[in-house]
1. Measure out, as a whole number of angstrom, how far apart the alpha-carbon centroids of segment 1-74 and segment 87-126 sit.
2. Report the extension gain between residue 95 and residue 146 in nm, rounded to one decimal, defined as 0.36 nm multiplied by the number of residues separating them, less their alpha carbon distance.
3. For residue 1, project a label point 7 Å along Cα to C-beta. Then give me every residue of segment 84-104 with its amide nitrogen under 16 Å of that point.
4. Taking the Cα centre as origin and putting +1 on Lys and Arg beta-carbons and -1 on Asp and Glu beta-carbons, what dipole magnitude results for the chain, to the nearest 20 debye?
5. Looking at 1, 106, 56, which one has the Cα that reaches farthest to the positive end of the dipole of the chain (charges on Cβ: Lys, Arg +1; Asp, Glu -1)?
6. Choose one answer from 107, 26, 99: the residue with the largest mean-square fluctuation in a GNM of the chain with alpha-carbon springs under 10 Å.
7. With a 10 Å Cβ neighbour count serving as the proxy for reagent exposure, in which order, fewest first, do 147, 94, 29 appear?
8. Under unit Cβ charges (Lys, Arg +1; Asp, Glu -1), what dipole magnitude, rounded to 20 debye, does segment 1-44 have relative to its Cα centre?
Amino acid sequence: MKITLCGSIAFIDEMQMTKDKLKALGHEVKLPPSEILDEQGKTMPVKEYYALRKTTNETEGWIWDAKEQAMRNHFEKVLWADAILVLNHDKNGVANYIGANTLLEMGLAFHHRKKIFLLKPIPELSYKEEILGMHPIVLFGGLSSIV
């Protein structure tokens with residue numbers, strides 16, 4: 001199966017480990033990039049970019065241009081896939097966190113009738129009903145039941 005991993009970029013290390021496990025199970029896997037281009041066109045670790053983005057007060061400029069491009073590129077990966085797997089680890093005091101960007105990716109997958117897998121149970125968030133309406137398959141931490 002062709003699978004695109006989705007989730008907060010804070011989970012990029014976990015995404016790489018999950019990619020390796022899924023590949024060992026015979027799946028093709030895509031995930032967000034581990035590096036991004038800065039305003040001088042030089043590569044920087046995506047975690048460094050993420051931290052910079054979270055602390056900026058700017059509302060325009062290269063940071064948001066890079067965010068737009070990253071979102072568009074990942075949407076293409078969602079369209080390529082047969083399914084998405086959301087890595088919904090705990091974040092910011094929220095168990096099984098699914099953020100806004102991941103919710104957008106889930107919505108795109110849902111609209112294109114792709115399977116949606118969640119690594120962990122659905123979080124208790126204000127948009128839980130929207131997630132429930134997409135009928136994701138909860139894996140409860142295991143990857144072997146992805147079919």
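1. Result: 16 Å between the Cα centres.
2. Numbers: separation 51, 0.36 × 51 = 18.36 nm, distance 2.22 nm.
Extra length available between residue 95 and residue 146 comes to 16.1 nm.
3. Answer for this model: 84-88.
4. Numbers: 18 positive and 19 negative charges, 110 e Å.
Once rounded to the nearest 20, the dipole reads 520 debye.
5. 1
6. 26
7. On the way: 147 7, 94 14, 29 21.
Going from least to most buried by this count: 147, 94, 29.
8. 280
No lab work stands behind these numbers, since they all come straight from the coordinates. Quick caveat, the model's predicted, so the values are computed rather than measured. A quick note on method: Cβ atoms are made from the backbone with ideal geometry, for glycine too, and the neighbour counts reach across all protein chains shown.
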